[in-house]
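The values are calculated or read from the model by the stated rules, or taken from the named source; none is laboratory data. Since this is a predicted model, take the numbers as computed values, not measurements. A quick note on method: Cβ atoms are made from the backbone with ideal geometry, for glycine too, and the neighbour counts reach across all protein chains shown. Heads up: the accessible areas ignore ligands, DNA and RNA and are worked out on the full protein's heavy atoms, side chains in. Shrake-Rupley method; radii C 1.70, N 1.55, O 1.52, S 1.80 Å.
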Amino acid sequence: MEKIDSNLLESIADLHEIPAGAYNIRKNGEGFSRRSTANIEIVTKTDKPGIDIIVAPFTKNESVHIPVIITETGVDDLVYNDFYIGEGAEVLIVAGCGIHNSGDEKSQHDGIHTFHIGKNAKIKYVEKHYGEGDGKGERVLNPVTVVEQEEGSVCEMEMVQIKGVDSTVRDTKAHLAAGARLIMTERLLTHGNQYARSDMEVYLDGEDASSQIISRSVAKDNSKQIFHPNAIGNAKCRAHVTCDSIIMDDATVSSIPAITANSADAQIVHEAAIGRINNDQLIKLMTFGMNEEEAEEVIIQGFLK
Amino acid sequence: MLKLENVSFKVDVDGEVLEIVDNVSIEVPDGAFTVITGPNGGGKSTLARLIMGIEKPTSGRILYNDIDITNMSVTERAKLGIGYAFQQPPRFKGLTVRRLLSLAAGSELPVDECCGYLTSVGLCSKDYLNREMDNSLSGGEAKRIEIATLMARKLGLAIFDEPEAGIDLWSFSMLVESFKAMSKGSHQSVIVISHQERIMQLADEMVVIAGGKIRETGPKDKIFPKLMGEFNENCGFRGKEE
Ligand SMILES: Nc1ncnc2c1ncn2[C@@H]1O[C@H](COP(=O)(O)OP(=O)(O)OP(=O)(O)O)[C@@H](O)[C@H]1O
Ligand SMILES: [Mg+2]
């Protein structure tokens, strides 16, 4: 593997070498390397670009890594990844996209991820987005995530974008059947002139479905962020939406959490806050001997951890 | 040694000048345990903030170990070994107690050392090390962690602002023990702002501040009995029952 490849892979998937278990590495719009295992099968789609990841029922303690890296300028990559998680399976899925754009043309990756999570199955999905390279070319990521949760399934999603992505529009939709649980955490840092927008719709369709959506972000410089999560309760269910942002410099943040109850037994709460770093926090850390910039960094890192 | 020379702090509120701290001169000798007391709004916290550098005096000078620190930043004063436990500790989302103690100490602290500091403020360490210093902590818990961060630092001058506030009786005894230990042996000077008799009794020196001015200052043995006498006189209703 080349140096740029391994740097990107480390940033987005904490990978230092070829991962254990199933994996599929995509590079510059093409499959690069892949391994299926006895319980996790990865097959190339025939009708459109992308892969199907099929996890056998009752698979336990296995992981799938599906990182995407782009190292060329002017790449426009669109990919469909469909996950079929069998009944009672428990897996860790690590996705993520790293773009190294040192040219002057835009490089873009749009990943359309669909999760079919079987009865009582449990997944943890981690996705990191990262951009680097000193060219003028934009680094653009527009992920679409669709989650279909069957009865009693648990889906924990962690989506992180900390650095270097110029523009991102994230679109997430989830449907939860009875007893299903969805925990979605989104962490975002934008700087420079970056733009990030995240729209989420979570439909709690079944009895006792529950969902927790947590969005934490830091907007620096001239960057812009828009959050628009919507939790829709169609049955006796519980949902909690929190958007919490730190705003700095000349940034703009807009949080538009929405909640909709179509059942009198739906319990849905949202909280949203946007604010500067509290001055007392800065001073407290300065009394430990840090300067203002160091104190700011500690506060931001803790907040996004 | 800390020396305040004619320190004043004036603020302009709607065109009216308020003397929050008014021409205060005090000396805090090395290794001494000094208690500052006085009525609410008297200017105690403001004085502490002036010493730490969070506020700058409008006139006067502050000297620490013969260095003029009047114009030094909070960071520079911290590096000289001055520390201040806030009356109202700020909360931090995402920072664990262990991380906060490590940040205070200036390096990653081993678990047992963190536990030691937490125990000395009456907290069962196991339950708290990985808790976040956020709004989920109670007032008394946050207050005690704040005190522990000062214990984790190597300081020449430690200022505690009403460390007893909001703390239960059992933890209070623990705290008094810790302050006793601190005032013995080490060369560090400790200033405690307090309204508590039991803390005043530990003092070597006392300062009474009201209306931004020093009312009394001197050794505890002289000031403390006077203060208690004054208190009894002023409370004419004491012992008088309907
Ligand atoms: N920046 C400021 N602007 C206006 N008023 C101020 C400012 N700082 C302090 N004050 C006022 O100065 C007075 C002294 O405040 P300070 O917090 O020092 O009192 P304190 O002695 O610590 O009281 P307590 O025992 O209640 O903690 C108060 O009346 C307070 O409202
Ligand atoms: Mg005070």
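What is the mean number of Cβ atoms from other protein chains located within 10 Å of the Cβ atom of each residue in peptide B:207-215, rounded to a whole number?
For peptide B:207-215, the averaged partner shielding equals 0.
Could you compute the net charge surrounding A:VAL154? Neighbours are other residues with a C-beta less than 15 Å from the C-beta of A:VAL154; K and R count +1, D and E count -1.
Net local charge, A:VAL154 excluded: -2.
5 Å is the cut-off here: which amide hydrogens, built 1.01 Å from N in the peptide plane, fall below it relative to A:LYS27, excluding neighbours closer than 5 in sequence?
Answer set, sorted by chain and number: A:PHE32, A:ILE69.
Assigning unit charges at the beta carbon (Lys, Arg +1; Asp, Glu -1) and nothing else, what dipole magnitude in debye, to the nearest 20, does the protein assembly as shown show about its Cα centre?
1000
Please say if region B:2-227 is rounded, prolate or oblate, where rounded means a/c under 1.5 for a ≥ b ≥ c the square roots of the C-alpha gyration tensor eigenvalues, and otherwise the choice is prolate for a/b larger than b/c and oblate otherwise?
Prolate, because a/c is 1.5 or more and a/b exceeds b/c.
Could you sort A:ASP82, B:ASP161, A:ASP205 by accessible area so the largest value comes first, with the probe set to 1.4 Å?
Largest accessible area first, the list is A:ASP205, A:ASP82, B:ASP161.
Just to be sure I understand the rule: take each whole DSSP H helix in chain B, project its Cα atoms onto its long axis, keep it if the span is 27 Å or more and its mean Kyte-Doolittle hydropathy is at least 0.0. Which ones pass?
Sorted by number, there is nothing, because no helix extends far enough and scores high enough.
Of B:LYS3/B:LYS213; B:LYS10/B:LYS79; B:LYS3/B:LYS56; A:LYS122/B:LYS126, which ones are farther than 23 Å apart at the Cα?
Checking Cα-Cα distances, B:LYS10/B:LYS79; A:LYS122/B:LYS126 exceed 23 Å.
For B:CYS115, what is the net charge nearby, where nearby means another residue's Cβ is under 10 Å from its Cβ and Lys, Arg count +1, Asp, Glu -1?
Summing Lys and Arg as +1 and Asp and Glu as -1 gives 0.
If one computes the Cα centroid of region A:36-76 and of region A:125-172, what distance in Å separates the two points?
Rounded to whole Å, the Cα centres lie 16 Å apart.
With just the Cα atoms defining each centre, how far is region A:78-94 from region B:49-73? Give it in Å.
First find each Cα centre; the distance between them is then 61 Å.
Using only atoms on other chains, find how many Cβ atoms lie within 10 Å of each Cβ of peptide B:88-95 and report the average.
6
Could you tell me which of A:SER102, A:ASN120, A:VAL68 has its Cα farthest along the dipole of region A:1-135 towards the positive end, charges placed at Cβ (Lys, Arg +1; Asp, Glu -1), taken about the Cα centre?
Positive-end residue among those listed: A:ASN120.
Subtracting the Cα-Cα distance from 0.36 nm times the residue separation, let me have the gained length for B:ASP14 to B:SER73 in nm, one decimal.
Extending this stretch completely gives an extra 18.5 nm.
Mind checking which lysines have their Cα closer than 19 Å to the Cα of B:LYS180? Skip sequence neighbours fewer than 8 apart in that chain.
Excluding near neighbours in sequence, the set is B:LYS143, B:LYS154, B:LYS220.
For an R0 of 25 angstrom, estimate the FRET efficiency from the Cβ-Cβ distance between B:ASP134 and A:GLU294 and round to the nearest 0.05.
The calculated FRET efficiency here is 0.75.
B:ALA32's amide H: which non-local residues (gap 5+, or another chain) put their own amide H closer than 5 Å, with H modeled 1.01 Å from N in plane and none for Pro or chain starts?
So B:ALA32 has HN proximity to B:VAL190.
Taking H as built 1.01 Å from N, whose amide H comes closer than 5 Å to the amide H of A:CYS237, not counting residues under 5 places away?
For A:CYS237, the qualifying residues are A:ASP208, A:ALA266, A:GLN267.
Positive end of the charge dipole of region B:2-227 (Lys, Arg +1 and Asp, Glu -1 on Cβ, about the Cα centre): tell me which of B:GLY116, B:ILE223, B:VAL13 has its Cα farthest that way.
Value: B:GLY116.
Percent of accessible area on chain A owned by carbon and sulfur, 1.4 Å probe?
Accessible surface attributable to carbon and sulfur in chain A totals 45 percent.
Check cross-link reach from A:LYS128 to the aspartates and glutamates: straight Cα distance under 16 Å, and skip same-chain residues fewer than eight apart.
Qualifying aspartates and glutamates at Cα under 16 Å: A:ASP5, A:GLU10, A:ASP14, A:ASP110, A:GLU156, A:GLU158, A:ASP166, A:ASP171, A:GLU186.
Can you compute the modelled spin-label distance between A:VAL144 and A:ALA258, with each label point 7 Å from Cα toward Cβ, in nm?
Output for this residue pair reads 1.9 nm.
Sum -39500 (n - 2.57) across every DSSP H segment of at least 4 residues in chain A, then divide by the residue count to get the 222 nm mean residue ellipticity, nearest 500.
Helices in chain A give a 222 nm mean residue ellipticity of -3000 deg cm²/dmol.
Can you compute the FRET efficiency between A:ASN28 and B:SER107 using 1/(1 + (r/R0)^6), with r the Cβ-Cβ distance and R0 = 60 Å? Round to the nearest 0.05.
After rounding to 0.05, the efficiency reads 0.90.
Would chain A count as rounded, prolate or oblate if I go by the C-alpha gyration tensor, calling it rounded below 1.5 in a/c and otherwise prolate when a/b exceeds b/c, oblate otherwise?
oblate
Based on DSSP H runs of at least 4 residues, each adding -39500 (n - 2.57), what is the mean residue ellipticity at 222 nm of chain B after dividing by all its residues, to the nearest 500 deg cm²/dmol?
Mean residue ellipticity, 222 nm, calculated: -10000 deg cm²/dmol.
Would you mind counting up the charge near A:GLU62? Only other residues with Cβ under 13 Å from its Cβ, with Lys and Arg at +1 and Asp and Glu at -1.
In short, +2.
Can you work out the Karplus-derived ³J(HN,Hα) for every residue in region A:182-197? Use 6.51 cos²θ - 1.76 cosθ + 1.60 with θ = phi - 60°, whole Hz, and x for glycine or proline.
10, 10, 10, 10, 10, 10, 9, 10, 10, 8, x, 9, 5, 10, 9, 9
With unit charges on the beta carbon (Lys/Arg positive, Asp/Glu negative), name the residue among A:THR168, A:PHE32, A:LEU92 whose Cα is farthest towards the positive pole of the charge dipole of chain A.
Checking the options against the dipole of chain A, the answer is A:LEU92.
I need to check one value: relative contact order of region A:1-135, counting alpha carbon pairs closer than 8 Å and at least 6 residues apart, in percent.
25
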